[in-house]
Amino acid sequence: MRWIGFLSLVALSECLVTIPLTKIKSMRESLREKDLLRDYLQRHPYSHAYKFLSGEGVTVQPMRNYWDLYYVGTISIGTPPQEFKVTFDTGSADLWVPSIYCSSPACVTHKAFDPWWSSTFQSTDQPIELQYGSGNVTGLLGYDDVRIGDLVCKSQAFGLSWEESSISLEYAAYDGILGLAYPALALRNTTPVFDSMWNQGLISENLFAFYLSSNEKNGSVVMFGGVDPSYYRGEIQWVPVSEQGYWQVTVDSISMDGKVVGCADSCQAIMDTGTSLVIGPTNSILNILRNISAQNTSTGEYVVSCEAIHSLPDIVFTINGVAYPVPASAYIRRKQTGICYPNLDTDTPDSSSLWVLGDAFLRLYFTVFDRANNRIGLAPVIA
């Protein structure tokens, strides 16, 4: 049976398309370096609200905050192709980029799509509104050919922003977002990019996977249509998706030093490449921060002693009966200034109790997002 599983993975790897990802400076870091973070947090209290909004006659995106992103890749849109840096985000389902019609500072500092240059562009009069905790992105829906590596999605729906009111997007090291969540989260009456890949016969297997490098600027990849076993060790452990919207699973418990620190009676968590953090309910995260002796700062962020990293316990996420330890070297980041920050954050008290397992978790585990079987696969990465 083990040989059959191995041969199946070899077959999958022969047909996959691999897209390189580059590790970037997050917006949080950019704001901190420019001494703008404290003012930003005071004006825009941080919120990770994973919930839907509704609008009369307007297609509304689930609220997302993208200021802790670290990985971007290159795609192109139109004929001839216009290149954009995007983050491949498993926590949303839509593709959007700035357009030439946008005069917001965030658009001026990024590449903008020009529909007049594309012979394959199709316009619509359908407005879109993407609402964030710190501002809105508004625009129109359009259709054009989208190239991701050697794959070309014909007549792919995407958003063209006309206004980006979020100051955080002004400092982003990427142009737009390419969502990889389930179609339930997509803009109304549209097909997400990954679904287009599968529906148009561009990939041989209905899955994609991420390898996120911990140390290097380069080396991270997202792969479509197969799995490359050279990026992980051991066997892939499969976890059923508990709800088909986000890539959501059931977590059995979260513990440190053998003691439960969160999720005592099981809970739900999202595997989210759209954040670098592990995010959880306020009480649970504060419990973890107390366990590592984190101190609050004037900006509202927490810091820990860099000397303590090697002695702090793992945070262990038990998922479908399997323990996935996250060591302090992964949940604490050391900056060049000599200050160490936890890769942990709290959700707002009135939002859902979902946990969000971002890059701090995903860098440790090669992650397969299997749409064909509605499951997620996890295996330790090869360092």
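Using all alpha carbons of segment 91-236, what is the percent of pairwise distances in each 10 Å bin, ordered from the shortest bin to the longest?
10, 36, 34, 16, 3, 0
Tell me the accessible surface of residue 286 in square angstrom (1.4 angstrom probe, heavy atoms of protein chains only), to the nearest ten.
The value for residue 286 is about 50 Å².
Given that compact globular proteins tend to follow 2.2 N^0.38 Å, what is the ratio of the alpha-carbon Rg of segment 234-383 to that value?
With N residues counted in segment 234-383, Rg over 2.2 N^0.38 Å equals 1.02.
Please list, by residue number, every one of the GluC sites (Glu not before Pro) in segment 193-273 that is coil in DSSP and has at most 11 other beta-carbon atoms within 10 Å.
The qualifying sites are 216.
Order of 368-374, 321-327, 192-198 by packing, highest average Cβ count within 10 Å first?
192-198, 368-374, 321-327
Taking square-rooted eigenvalues a ≥ b ≥ c of the alpha carbon gyration tensor, is segment 184-264 rounded, prolate or oblate, where a/c under 1.5 means rounded and, failing that, a/b exceeding b/c means prolate?
Oblate, since a/c reaches 1.5 and b/c is not below a/b.
Once you have all Cα-Cα distances for segment 169-222, histogram them in 5 Å bins from zero and send the whole-percent values.
All Cα pairs considered, the percentages come to 4, 15, 16, 20, 20, 15, 8, 2, 0.
Can you find, among 219, 178, 230, the residue farthest towards the positive end of the dipole of segment 152-240? Put +1 on the C-beta of Lys and Arg, -1 on that of Asp and Glu.
Result: 230.
Any idea what diffusion coefficient segment 304-346 gets from Stokes-Einstein, in µm²/s, Kirkwood Rh on alpha carbon pairs, 25 °C, 0.890 mPa s?
Translational D for this selection: 217 µm²/s.
The values are calculated or read from the model by the stated rules, or taken from the named source; none is laboratory data. All values reported here derive from a predicted model rather than from experimental measurement. Neighbour counts run over all protein chains shown; Cβ positions are idealised from the backbone, glycine included. Areas reflect the complete protein model, heavy atoms only, side chains present, ligands, DNA and RNA absent. Shrake-Rupley method; radii C 1.70, N 1.55, O 1.52, S 1.80 Å.
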